[in-house]
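Written out below as structure tokens is the structure these notes cover.
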Amino acid sequence: MYNYLLHQKIKTALLKYRIGKEEDDLSFYSRLLANASVIKSLYDELYQHHPNAEPQFDLLLETLTAAHNKRSPALKKADVIKAEKGHWFLNSEITGMSLYVDQFCGSLTNLGDKLGYFDKLGVNFLHLMPLFKSPADESDGGYAVSDFRKINTRFGTLNDLVALQQKMSATGMYLMIDIVLNHTSRLQEWALKAKEGDKHYQDYFYMFDDRTMPDIFEQTMPEIFPETAAGNFSYIPECQKWVMTVFHNYQWDLNFSNPAVFVEMLDIILFYANLGVDVLRIDAPAFIWKEPGTTCQNLPKAHTILRLIKQCVQVASPGMALLGEAIVAPKEIMYYFGTGNFIAKECDFAYNATQMALQWDALATGDTRVMLAAQHEILKKPYGTSWLTYTRCHDDIGLGYDDYMIEQASFNPYFHRKYLKDFYSGNAPGSTATGALFSVNPKTQDARISGTLASLCGLEKAISNNNENEITTAINRIIVMQACSFFIGGLPMLFYGDEVGYTNDYSYLDNPAKSYDNRWMHRPVIDWDKNNKIEEEGSVEQRIFKATQQLIHLRKKLSMVADHSNLTWLSPYNIHVAGFLRQVQDSRLFCLFNFKNEVAYVDWQAVKEKGNPPIILFDHWNKKEYIMENNNNYLIIEPYSFCLLEAMK
């Protein structure tokens, strides 16, 4: 239905920014008209009763139009190319790496000189951990932002980031950075003005004169860091108010029930888009809407905000995809892809944190039944969206999958999780892992796990023992974990250092700003002498790098691995082996992974029962051909190994 008033608002914004009849202007105008009614509907769902709703909506339209005007011709051209590809991020040719710029190579300029390293490995997508200004002694790894538009000086300048993006784009690489929506640093401009008593900016946060409302919130809000940041509110003596601080007392939660906050943050999102960002990682979206009497996590209006952001991005910078960093229960994560009329119209990506944790579960127990019990939830991801798959990242490992999944595997949920925590902290009998528990809740004993991929897979202990057999086994564990993550569907994301087997870095203990947070043990400072050992045949670094390189090459080669919602799990003929089929039309790849430290035998029936039984299978990893009529009844998989079996036509 034609909305005259809305059309007039659009016309006013277009005239203000002199949107003309150039081809890219007409495309923008078409997108804005096509999405305007949905944008207005979502906005009204959030703000229709707010006294400043109308002027802020006018400002929202102006923000979209201004962002289009500022978008460079090169980025507008890239938008068109991506649109012609359809869902450009679903293919099997993209492999990513997440890294801290300073820990990896010192600066953005130095990173530009390292692009050849990524090319050698096969990585063509970089996630640069938080870059923007944050206080050195209370940065939360960069997630306490004090200026959303200035690069932290230890990384370089905004011009350095632009130069890096252009250099990456010229070589066909993609860029992802973070937007911290939920909170700011207490030293950010709005927070400082709020602290000085400015009512306008106090309304940007959840600020209260006394403990009445904080106490009501606290009744149902869990603590995120009970060890180091108990409670969800902090007292601010300068203005004699309580402010919501869910994560740390130096991170003030933004009040998205105020439309001015939404428009301010949308402007920052589009500012990042115009830097040439291909994927924007939205940090902690589960927390962005708060209501008393709830956990203040995963609330319906948090999804409304994300949908509104997605619609606005589609209008002003359609080539930028969105990743929602929601590390939540398997069933809950699906909502971040959108529901109802917004299926596949909310976040384009989500972390497959459940699968990541389930692989660590299988590695510790040698049993894949818990993993299989969760797949019916994970497979609900809608077409047109994708997972970001990974084995390690900057964060801890949470064991947040549901109790019933553990029970279906005949385990007791409490004792099963206790075993996993003991195993990866090195406290279980026979454990090969070297890790640590993070954020232990003294009330519930809930905890998460810190440690690098290599240390949790046993490499740190193996090297300490100077035992070559243990080193080989640890490397095999590393590669089977990466392989399962690479081929299960989604965009695989390595964490820097894992490609050469970095073990835990304990230097963080000497830094007062980091020593309280043991997650820094798996955020290493790169020693390029170590990385250069990839050229030394037989070194640990060379063996892991070469195997990772081969996985990336195979993934790019095997187009059926692209995420077209084309994954089917194989019948579990052996509880130590996880197996699935990736199929596009007649192209089929059977992927089987042995998580046990012993030879596994898998009945060939697991392959034969999936449609037309293949006559010949070629194992791309082990370079072996199987002629089905000449085989015995079992596929044999070595300990901590895997097979990538393509059905040959």
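The values are calculated or read from the model by the stated rules, or taken from the named source; none is laboratory data. Since we're looking at a predicted model, the values are computed, not measured. Virtual Cβ from ideal backbone geometry, glycine too; neighbours counted across all protein chains shown. Quick note on the areas: whole protein, heavy atoms, side chains included, nothing else; ligands and nucleic acids left out. Shrake-Rupley method; radii C 1.70, N 1.55, O 1.52, S 1.80 Å.
Values for this structure:
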| read-out | value |
| --- | --- |
| Any hit, region 209-217, residues being open to solvent by 10 Å² or more (accessible area, probe 1.4 Å) and under 24 Å from residue 268 (Cβ atoms) | no |
| Subset of region 326-342 [in contact with a Cys (Cβ under 9 Å, 6 or more places away or on another chain) and more than 15 Å from residue 299 (Cβ to Cβ)] | 337, 338 |
| Selection from region 276-310 of residues that are open to solvent by 10 Å² or more (accessible area, probe 1.4 Å) and among the polar types (S, T, N, Q) | 294, 295, 297, 298 |
| Failed item in (1) hydroxyl-bearing (Ser, Thr, Tyr); (2) in contact with a Pro (Cβ under 9 Å, 6 or more places away or on another chain); (3) touching a residue at least 60 places away in the same chain (Cβ under 8 Å), with residue 516 passing the rest | (2) |
| Scope region 6-39; condition surrounded by fewer than 16 Cβ atoms within 10 Å (Cβ to Cβ), in a helix (DSSP H, G or I) and among the charged types (D, E, K, R); matching residues | 11, 16, 23 |
| Options 492, 524: the member that is touching a helix residue (DSSP H, G or I) at 6+ places or on another chain (Cβ under 8 Å) and not in a strand (DSSP E or B) | 524 |
| Residues within region 395-427 that are touching a strand residue (DSSP E or B) at 6+ places or on another chain (Cβ under 7 Å) and open to solvent by 10 Å² or more (accessible area, probe 1.4 Å), tallied | 4 |
| Long-range neighbours under 6 Å by Cβ, at least six apart or interchain, first residue farther than 28 Å from residue 520 by Cα within region 394-416, second of a type in the set (Asp, Glu) and crowded, with 16+ Cβ neighbours inside 10 Å | none |
| Output for region 281-300, where each listed residue is over 17 Å from residue 335 (Cα atoms) and in contact with a helix residue (DSSP H, G or I) (Cβ under 6 Å, 6 or more places away or on another chain) | 292 |
| Residue list for region 211-268, filter: among the acidic types (Asp, Glu) and either part of a loop (DSSP other than H, G, I, E, B) or under 30 Å from residue 309 (Cα atoms) (or both) | 218, 223, 227, 238, 253, 264, 267 |
| Count of residues meeting criterion [outside any loop (DSSP other than H, G, I, E, B) and on the phi > 0 side of the Ramachandran plot] in region 565-604 | 0 |
| Residue satisfying condition, being in contact with a Cys (Cβ under 7 Å, 6 or more places away or on another chain) and modelled with pLDDT of 95 or more, within set 582, 588 | 582 |
| Candidate set from region 100-130 (those that are in a strand (DSSP E or B) and either out of contact with any helix residue (DSSP H, G or I) (no Cβ under 8 Å at 6 or more places or on another chain) or of a type in the set (Gly, Ala, Ser) (or both)); member that is farthest from residue 520 (Cα to Cα) | 125 |
| Selection status of residue 269, open to solvent by less than 10 Å² (accessible area, probe 1.4 Å), of a type in the set (A, V, I, L, M, F, W, C) and farther than 20 Å from residue 147 by Cβ | no |
| When residues of region 92-134 are limited to those that are hydroxyl-bearing (Ser, Thr, Tyr) and open to solvent by less than 20 Å² (accessible area, probe 1.4 Å), the one farthest from residue 155 (Cα to Cα) | 92 |
| Matching residues, region 490-524, being β-branched (Val, Ile, Thr) and open to solvent by 30 Å² or more (accessible area, probe 1.4 Å) | 503 |
| Residues of region 235-263 satisfying the condition of being out of contact with any His (no Cβ under 9 Å at 6 or more places or on another chain), open to solvent by less than 10 Å² (accessible area, probe 1.4 Å) and within 15 Å of residue 290 (Cβ to Cβ) | 243, 256, 261, 262 |
| Matching entry among 304, 339 (being more than 17 Å from the chain's Cα centre (by Cα) and within 16 Å of residue 377 (Cβ to Cβ)) | 339 |
| Enumeration of residues in region 619-636 that are within 31 Å of the chain's Cα centre (by Cα) and either hydrophobic (A, V, I, L, M, F, W, C) or assigned to a loop (DSSP other than H, G, I, E, B) (or both) | 620, 621, 622 |
| Condition met for residue 649 (part of a loop (DSSP other than H, G, I, E, B), crowded, with 17+ Cβ neighbours inside 10 Å and in contact with a strand residue (DSSP E or B) (Cβ under 9 Å, 6 or more places away or on another chain)) | no |
| Test result for residue 374, under 21 Å from residue 176 (Cα atoms) and touching a residue at least 24 places away in the same chain (Cβ under 8 Å) | no |
| Residue match in region 222-229 (condition: at pLDDT 95 or above and over 23 Å from residue 271 (Cα atoms)) | no |
| Test for residue 364: is it under 21 Å from residue 428 (Cα atoms), open to solvent by less than 20 Å² (accessible area, probe 1.4 Å) and of a type in the set (A, V, I, L, M) | yes |
| Region 563-583, residues that are crowded, with 21+ Cβ neighbours inside 10 Å, of a type in the set (Gly, Ala, Ser) and touching a residue at least 40 places away in the same chain (Cβ under 8 Å) | 578 |
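Table: residues versus (1) at pLDDT below 95; (2) within 30 Å of residue 440 (Cα to Cα); (3) of a type in the set (S, T, N, Q).
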| position | (1), (2), (3) |
| --- | --- |
| 494 | no, yes, no |
| 506 | no, yes, no |
| 545 | no, no, no |
| 554 | no, no, no |
| 575 | no, no, no |
| 592 | no, no, no |
| 607 | yes, no, no |
